[in-house]
Amino acid sequence: MKVFLLVPQLIDLKNLTKNDLTDFLAGIGKERFRAGQIMRWIYPRGVCDFAAMTDLSKELRNELVARAFVSDWTPEHVAVSSDGTRKYLFRLADGETIETVRIPMLEGRNTLCISTQVGCAMQCSFCLTGAFGLTRNLEVGEIVNQVCAALKDGPIHNIVFMGMGEPLHNLDNVVKAIEILGAVDGFAFGPRKITVSTSGLLPEMAEFGRRVKVNLAVSLNATTDTIRDVLMPVNRRYPLKELMAACRAYPLQPRQYITFEYILIRDVNDSLADAKRLVSLLHEVKAKVNLIPYNEHEGSTFRTPDPAQIEAFQLYLLSRDIVAVRRASKGQDISAACGQLKAKLEKTQS
């Protein structure tokens with residue numbers, strides 16, 4: 001008769017919030033305050049070896065070695081742009097890949113754009129990631145590890161959940177990751193330093209607003225249902241009227257607003273008529289508009305508008321007292337838009 005020994009599966013502590021870690025430690029008879037100690041080793045200090053956590057007893061360290069581990073990521077590929085943008089390609093444990101982008105901003109500050117899924121189910125026609133389809137959600141630790149890895153290259157001042165995937169399609173793991181990123185014993189990013197983008201999943205958006213107080217960005221990209229249905233199939237389920245009603249009802253903190261991402265595509269959504277409709281859509285919404293010239297890529301029929309058209313669109317919004325910022329394109333020489341580096345490398349390997 002064969003005897004099968006059950007080997008306990010080790011837990012990656014980066015998948016655990018402080019409450020989760022506290023419960024884990026209580027389950028092995030350890031004190032609650034140890035959770036904070038362990039998190040301070042893992043996050044502010046970047047230590048992944050239990051043996052180096054010297055303020056823990058040897059008994060606890062041995063117990064942790066038997067039951068858990070702390071994952072530590074190194075990018076498989078890093079592309080560095082002439083403007084300082086760094087794009088990381090990470091190979092996951094199951095062989096899948098995701099991208100993360102470190103973007104230099106003004107006054108030496110850096111924004112990190114992180115992914116939440118392998119691929120995406122939203123199928124937005126302007127987004128290369130959507131062409132991959134959805135493979136799976138990222139685990140909490142896989143979201144947090146993008147920040148841990150990027151911090152090895154220097155400080156991060158803001159985090160945007162605008163990489164591969166629809167963040168609110170992975171709501172629970174995104175909320176837990178935000179809890180770790182914002183924890184005093186974690187990275188202590190304040191709510192104003194974190195922005196989460198959505199294509200407009202309305203029930204999840206309402207739930208997200210109840211659970212966390214970070215910034216919300218809505219990927220809008222059109223001012224009519226006819227155009228948005230084509231650009232963003234999610235609009236067929238949650239059309240503009242419902243989306244804007246949800247935005248008006250969204251719980252905002254004092255001095256907080258919703259950022260509307262608007263990708264300008266030549267002869268699709270960049271006319272002055274679109275600008276006028278956008279002003280109407282944003283009525284009674286505390287809003288800021290990020291205007292993003294379309295980043296052309298191989299295989300797409302969409303094109304970037306002429307600079308004069310972009311300027312006219314922006315000036316019209318500004319003339320109607322809407323904060324409208326033209327977001328500079330970064331990292332164009334390293335395929336920095338979502339999915340471009342992944343597609344490029346997979347093409348060369350096929």
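No lab work stands behind these numbers, since they all come straight from the coordinates. Keep in mind it's a predicted model, so treat the numbers as computed, not measured. Glycine also receives a Cβ, built like all others from the backbone with ideal geometry; neighbour counts cover every protein chain displayed.
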Longest exposed-site-free window of the chain, the sites being chymotrypsin sites (Phe, Trp or Tyr not before Pro) in a DSSP loop that have at most 13 other C-beta atoms within 10 Å: 34-350
Extension gain H77-S280, at 0.36 nm per residue separation less the Cα-Cα distance, in nm? 68.7 nm
Under a point spin-label approximation (7 Å from Cα along Cα-to-Cβ), what is the V230-R91 distance to one decimal in nm? 4.1 nm
Cα-only Debye scattering, the stretch 11-69: base-10 log of I(q)/I(0) at q = 0.12, 0.30 Å⁻¹: -0.22, -1.76
May I ask you to list the trypsin sites (Lys or Arg not before Pro) in the stretch 127-236 that are in a DSSP loop and have at most 12 other Cβ atoms within 10 Å of their Cβ? K152
GNM on the chain, C-alpha springs below 10 Å: top fluctuator among P307, P254, P44? P254
Based on Cα coordinates alone, diagonalise the gyration tensor for the stretch 204-273, multiply each eigenvalue by 5, take square roots, and list the semi-axes in whole Å, largest first. 24, 14, 9
When the chain is treated as a GNM, springs tying every alpha-carbon pair under 10 Å, which of E31, E298, E107 comes out with the largest mean-square fluctuation? E107
Say R0 is 30 Å: what FRET efficiency, to the nearest 0.05, do T135 and A245 get from their beta-carbon distance? 0.35
Taking max minus min of the Cα coordinates of the chain on each principal axis, largest first, gives extents in Å of 71, 50, 49
Pull out the extension gain between K288 and A328, defined as 0.36 nm times the separation in residues minus the alpha carbon to alpha carbon distance; nm, one decimal. 12.8 nm
Amide H to amide H, which residues 5 or more places from R136 or on other chains are under 5 Å from it, using H placed in the peptide plane? V118
List the pairs from K176/K276; K286/K330; K87/K276; K152/K176; K18/K288 whose alpha-carbon separation is above 31 Å, in the order I gave them. K176/K276; K87/K276; K18/K288
Go through the stretch 153-168 residue by residue and turn each phi into a ³J(HN,Hα) via Karplus (6.51, -1.76, 1.60, θ = phi - 60°); whole Hz please, and just put x for glycine and proline. 9, x, x, 10, 9, 9, 10, 10, 8, 9, x, 5, x, 9, x, 6
